[in-house]
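The values are calculated or read from the model by the stated rules, or taken from the named source; none is laboratory data. Fair warning: this is a prediction, and the values are worked out from it, not measured in the lab. So basically every Cβ, Gly included, is an ideal-geometry build from the backbone, and we count neighbours across all protein chains shown. Accessible surface is based on the protein model in full, side chains and every heavy atom, while ligands, DNA and RNA are left aside. Shrake-Rupley method; radii C 1.70, N 1.55, O 1.52, S 1.80 Å.
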Amino acid sequence: MVEKGQVEALSNDSYLQLKQIIHERRSVRSFTDQPVDKELIRELIDCARYAPSDTNSQTWEFIAIVGRDKIQAIEALTWEQLHGRAAAAEAEGLSREARLLVKSFGPYATAFADAPVLLVCLATPYTSKFREKIFDPIALAPDDVWREEGIKSSCLATQNLMLAAHALGLATCPMTGPVLLAEHQLKAYLDIEESRQVNMVIALGYPSTQPGKLPRKEVDEILRFVD
């Protein structure tokens with residue numbers, strides 16, 4: 001039985017507003033030509049940086065690309081790598097998969113092309129006093145585990161960013177296609193340090209369409225209580 005105070009909390013205005021923002025956020029792939037003010041982008045990053053992180057390591061950095069020519073160049077290098085992968089698959093006799101890669105995944109992976117802003121979300125190396133003084137001396141985990149720790153915290157920051165964008169009337173779409181296909185080329189093009197990982201890219205702008213609500217798994221499908 002839910003206690004009275006807990007029921008009242010569910011009708012709290014702040015909670016209801018937050019839940020509405022969470023439920024109404026969509027991944028948008030079609031944007032207007034309206035530019036996004038740089039101060040709004042700074043505001044989104046301000047929200048992102050208040051995400052929790054492992055031992056407050058804050059393993060995130062962001063690059064905001066606001067030049068159309070550079071966004072189109074990233075689209076082009078993504079397509080270049082995709083066609084290369086398709087050609088390799090074709091050479092191995094995987095013709096159907098090669099066609100699907102180009103026709104189905106290609107437009108999906110480059111759906112950022114008409115966004116006025118492309119945010120490149122980076123994960124920085126995980127460092128902390130615990131790692132320096134305890135974890136590394138006892139070889140608690142290999143380096144790839146610490147790289148993964150950086151990605152985890154970076155993902156938390158990107159969710160803050162996308163929810164804040166929706167609350168401001170902006171739209172976002174997180175994508176890993178350019179990372180899967182062309183991370184090395186993207187890092188070279190943007191002069192990103194080798195120690196940084198590209199977590200994802202996020203298309204950002206004012207929506208020209210509003211996608212419908214997609215089905216979600218029911219709570220009881222994804223939750224198990226242990227007494």
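Assorted remarks:
- Probe 1.4 Å - accessible area at ARG68, Å² to nearest ten: 100 Å²
- Structural descriptor for the chain: relative contact order 33 percent, calculated from alpha carbon pairs under 8 angstrom and at least 6 residues apart.
- Label positions at PHE135 and GLN72, each projected 7 Å from the Cα along the C-beta direction, are separated by 4.3 nm.
- In the chain, the calculated helix contribution to ellipticity at 222 nm averages -14500 deg cm²/dmol per residue, counting -39,500 (n - 2.57) for every DSSP H run with n ≥ 4.
- Gap separating the Cα centres of the stretch 138-170 and the stretch 15-40, nearest whole Å: 19 Å
- If you take the alpha carbon atoms of the stretch 1-77 and fit the smallest convex hull around them, that volume is 200 Å³ per residue.
- Tensor-based shape of the stretch 117-192 (alpha-carbon gyration tensor, a/c under 1.5 rounded, otherwise prolate or oblate): oblate
- Three-way shape label, the stretch 99-227, alpha-carbon gyration tensor, a/c 1.5: oblate
- Extension gain from THR127 to GLU90, taking 0.36 nm per residue of separation minus the Cα-Cα distance: 9.0 nm
- Cα gyration tensor shape for the stretch 76-145, rounded if a/c is under 1.5, else prolate or oblate: oblate
- Percent of Cα pairs exceeding the 19 Å cut-off, where the set is the stretch 156-227: 58 percent
- Candidate values [x] 64, 53, 40; [y] 53, 52, 47; [z] 75, 41, 30, label of the one derived for Cα extents along the principal axes in Å: [x]
- Filter on LYS129/LYS152; LYS152/LYS213; LYS19/LYS129; LYS19/LYS217; LYS70/LYS213 - keep pairs with C-alpha separation over 28 Å: LYS19/LYS129; LYS70/LYS213
- Carbon/sulfur fraction of accessible area - the stretch 149-202, other protein chains in place, 1.4 Å, %: 54 percent
- Rounded percent of accessible protein surface that carbon and sulfur make up, the stretch 49-118, 1.4 Å probe: 53 percent
- Working note: Cα atoms of the stretch 31-166, range along each principal axis, descending, whole Å: 52, 43, 22.
- Accessible area expressed per residue, the chain, with surrounding protein chains retained (probe 1.4 Å, Å²): 62 Å²
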